[in-house]
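K.L.:
Dropping a structure here in structure tokens format, bear with me for questions.
The values are calculated or read from the model by the stated rules, or taken from the named source; none is laboratory data. Bear in mind the structure is a predicted one, so any value in this text is a computation, not a measurement. Backbone-built Cβ (ideal geometry, glycine too); neighbour counts: all protein chains shown.
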Amino acid sequence: MALHESQSLIIEMQAGRSPAFCRFLSPILNEAYPGNEAAFTPENLARFYTRVKPGFIRVEADEVTYPAHVILRYRLEQALIKGDLTLKDLPGAWNDGMKQLLGLTVTNDREGCLQDIHWFDGAFGYFPCYSLGAMTAAQFFDAALGDVPDIPAAIETGDFTPLVGWLRTHVHGRGSSLTTPEIVRQATGRPLDAGIFRRHLERRYLGDA
């Protein structure tokens, strides 16, 4: 499922928040909402996309703080399954974890342990797929740019064909013939590497080259 998640995140987070996409989006927004030119410059859109602010709700979290939401849930899942945490103590453990990881004080369970459907649905163990998917997406995008340097120029015109073509060749066309680690290794030339995701975040949010 991490591979599955990577395919939405490579479009949403890698391509769809890139400077090239901001340049493509800017004139569309200006045409649709005239009189807001300053707000819709590519530079301001990029600033909007790179805002970082810890929040209570996972699905509203920015790209930087999102992994903390996943880490919290994974820790709690492990404790519940091992029997180290009882269900009645879950809200308190959640609130303590949010304070530790994001510095937030949870005031109600709607913003806390009741916000996701996964546990009610029995989908224990799924949450890590989101962050593994984000890591995989960053690694795929990095490899795609190396193989097809024209991808950003195409995205700037709204053309995702070069990126999707790379994905079809290196990911989609593999189907179930290979395991996820094998697909990642063959597509990118290395095993899944968290350092690539970290460098992506540093470039985007810290402006590091």
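K.L.:
Identify the single condition in (1) touching a Ser or Thr at 6+ places or on another chain (Cβ under 7 Å); (2) buried (at least 17 other Cβ atoms within 10 Å of the Cβ) that PRO54 does not satisfy, given that it satisfies every other one.
P.N.:
(2)
K.L.:
Okay, moving on. Being modelled with pLDDT of 95 or more, in contact with a helix residue (DSSP H, G or I) (Cβ under 7 Å, 6 or more places away or on another chain) and over 30 Å from LEU206 (Cβ atoms) is the requirement here; does GLY83 meet it?
P.N.:
no
K.L.:
Is the stretch 38-54 home to any residue that is modelled with pLDDT of 95 or more, farther than 30 Å from ALA153 by Cβ and in contact with a Phe, Trp or Tyr (Cβ under 9 Å, 6 or more places away or on another chain)?
P.N.:
no
K.L.:
Additional query: Among the residues of the stretch 2-40 satisfying the criterion of being assigned to a helix (DSSP H, G or I) and of a type in the set (Asp, Glu), which is nearest to ALA137 (Cα to Cα)?
P.N.:
GLU5
K.L.:
Filter the stretch 185-208 down to the residues that are surrounded by 14 or more Cβ atoms within 10 Å (Cβ to Cβ) and acidic (Asp, Glu) and list them by number.
P.N.:
ASP193
K.L.:
Filter the stretch 166-184 for residues that are more than 21 Å from the chain's Cα centre (by Cα) and either in a helix (DSSP H, G or I) or buried (at least 17 other Cβ atoms within 10 Å of the Cβ) (or both) and give the result.
P.N.:
Those that are more than 21 Å from the chain's Cα centre (by Cα) and either in a helix (DSSP H, G or I) or buried (at least 17 other Cβ atoms within 10 Å of the Cβ) (or both): THR169, GLY173, ARG174, GLU182.
K.L.:
On the basis of being assigned to a helix (DSSP H, G or I) and at pLDDT 95 or above, does LEU114 make the cut?
P.N.:
When the stated conditions are applied, LEU114 does not pass them.
K.L.:
Oh, and also: Mind checking whether some residue in the stretch 98-105 is under 28 Å from SER8 (Cα atoms), part of a loop (DSSP other than H, G, I, E, B) and either of a type outside the set (Gly, Ala, Ser) or in contact with a helix residue (DSSP H, G or I) (Cβ under 7 Å, 6 or more places away or on another chain) (or both)?
P.N.:
Scanning the stretch 98-105, I find no residue that is under 28 Å from SER8 (Cα atoms), part of a loop (DSSP other than H, G, I, E, B) and either of a type outside the set (Gly, Ala, Ser) or in contact with a helix residue (DSSP H, G or I) (Cβ under 7 Å, 6 or more places away or on another chain) (or both), so the answer is no.
K.L.:
Separate question: Looking at the stretch 37-61, which of the residues that are among the aromatic types (Phe, Trp, Tyr) and touching a residue at least 12 places away in the same chain (Cβ under 8 Å) is nearest to ASN108 (Cα to Cα)?
P.N.:
For the stretch 37-61, the residue satisfying everything is PHE56.
K.L.:
Please specify each residue of the stretch 107-164 satisfying the condition of being touching a Lys or Arg at 6+ places or on another chain (Cβ under 6 Å) and either surrounded by 18 or more Cβ atoms within 10 Å (Cβ to Cβ) or under 25 Å from ALA61 (Cβ atoms) (or both).
P.N.:
Residue satisfying the conditions is PHE127 alone.
K.L.:
What are the residues in the stretch 41-94 that are β-branched (Val, Ile, Thr), more than 21 Å from the chain's Cα centre (by Cα) and assigned to a helix (DSSP H, G or I), if any?
P.N.:
Of everything in the stretch 41-94, just one residue is β-branched (Val, Ile, Thr), more than 21 Å from the chain's Cα centre (by Cα) and assigned to a helix (DSSP H, G or I), namely ILE81.
K.L.:
So LEU85 ticks every box in (1) in contact with a Cys (Cβ under 7 Å, 6 or more places away or on another chain); (2) crowded, with 16+ Cβ neighbours inside 10 Å; (3) more than 30 Å from SER8 (Cα to Cα) but one. Which box is left unticked?
P.N.:
Of the numbered conditions (1) in contact with a Cys (Cβ under 7 Å, 6 or more places away or on another chain); (2) crowded, with 16+ Cβ neighbours inside 10 Å; (3) more than 30 Å from SER8 (Cα to Cα), the odd one out for LEU85 is (1).
K.L.:
Select from the stretch 1-28 the residues that are surrounded by fewer than 16 Cβ atoms within 10 Å (Cβ to Cβ) and in contact with a Phe, Trp or Tyr (Cβ under 7 Å, 6 or more places away or on another chain) and list them in ascending order.
P.N.:
MET1, the sole residue that qualifies.
K.L.:
For GLY133, work out the one condition from (1) in contact with a Leu (Cβ under 7 Å, 6 or more places away or on another chain); (2) not in a helix (DSSP H, G or I) it doesn't fulfil.
P.N.:
GLY133 satisfies every listed condition except (2).
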